[in-house]
Amino acid sequence: MRAKTSFSVAFFALAVPIAAQVLFTDAFNSSAVDTSKWSDVTPFSDSFVSQTGGYVQVEDGGRITTLPSFTGAIEITGRIQLSNNTKNNSKIVFRTDGAQYFSEVKGVVIQFSPQLDNGSFANQLGIFTIGEAAQTSTSLTTPINLDAWYEFRIVDTGTTVELYWNGAIIPTLVLATSYRVGSKVSFYSREGSGNGSSISNDGRGRLDFITVSA
């Protein structure tokens, strides 16, 4: 009698990356801000928003805010440059409604700044909340040079925010927060002398491109 041979076959599910769904993108290649994508606001006498040379520039409190809203987990990628004043800071704000809040807008903030007001070169990268009763924050000291382009990637799960800076493959900064006041994305620079902040006067923030994906 021939012995029966038993074969055991295992099936393995291969992990295939799922392409991100692009919800919004702008390469700023036209001569003016695309008003079908953005609202632009210049709240102070010296505030400015311009678009030329393949990037958008915000100055002295000028800001742009997406017209569409983005709910659920999102990823924001782009390339940023700071110019003209080392004490300038520029911000990407999300989970925001884009409305004016003193010289800022409420939401979760990624802040980029080459130099602090006190002159120290520290905490150039930060994640924090604006408008939250008990503000949460985290920061990192790392060089940011004027007139240099840096790539960023922001992953927002709704409860955690991860910043990947300048090509990093592991998170550069992480902040746990569920704070939300809206579902839009804003980009703006710190106010200048038109709102009493002459120390950062004429600081310019530039975006070369930005993409929001699900």
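The modelled label-to-label distance between Glu151 and Thr138, using points 7 Å beyond Cα along the C-beta direction, is 2.2 nm. Debye-formula intensities of the chain, expressed as log10 I(q)/I(0) at q = 0.09, 0.17 Å⁻¹, are -0.36, -1.21 (one equal scatterer per alpha-carbon, no solvent). Simple point charges give the picture: +1 on the Cβ of Lys and Arg, -1 on the Cβ of Asp and Glu, and for the range 117-214 a dipole about the Cα centre of about 160 debye. Rolling a 1.4 Å probe over the protein heavy atoms gives the chain an accessible area of 49 Å² per residue. Give me D for the range 164-214 in µm² s⁻¹, whole number, from Stokes-Einstein with Rh from the Kirkwood sum over alpha-carbon pairs, 37 °C and 0.692 mPa s. So the translational diffusion coefficient is about 225 µm²/s.
Size estimate for the range 80-180 follows the Kirkwood approach: the inverse of mean 1/r over distinct Cα pairs works out to 14.0 Å. Dipole magnitude for the chain: about 960 debye, using +1 per Lys or Arg Cβ and -1 per Asp or Glu Cβ, origin at the Cα centre. Roughly how many percent of the accessible protein surface of the range 142-200 is carbon and sulfur, given a 1.4 Å probe and a whole-percent answer? Roughly 50 percent of what the probe reaches on the range 142-200 is carbon or sulfur.
Across the range 68-75, computed HN-Hα scalar couplings (Karplus, 6.51 cos²θ - 1.76 cosθ + 1.60, θ = phi - 60°) run x, 9, 10, 9, x, 5, 9, 10 Hz from first to last residue, x flagging Gly and Pro. Which residue fluctuates the most in the chain, going by a Gaussian network model with Cα springs under 10 Å, if the choices are Thr35, Thr157, Thr25? Of the options given, Thr35 has the highest mean-square fluctuation. Ordered by 1.4 Å accessible area with all protein chains kept, Arg180, Arg190, Arg79 run largest first as Arg180, Arg79, Arg190.
The values are calculated or read from the model by the stated rules, or taken from the named source; none is laboratory data. These figures come from a predicted structure and were not determined experimentally. As a convention, Cβ positions derive from the backbone with ideal geometry for all residues, glycine included, and neighbour counts pool all protein chains shown. Calculation scope for accessible area: heavy atoms of the full protein, side chains included, ligands and nucleic acids excluded. Shrake-Rupley method; radii C 1.70, N 1.55, O 1.52, S 1.80 Å.
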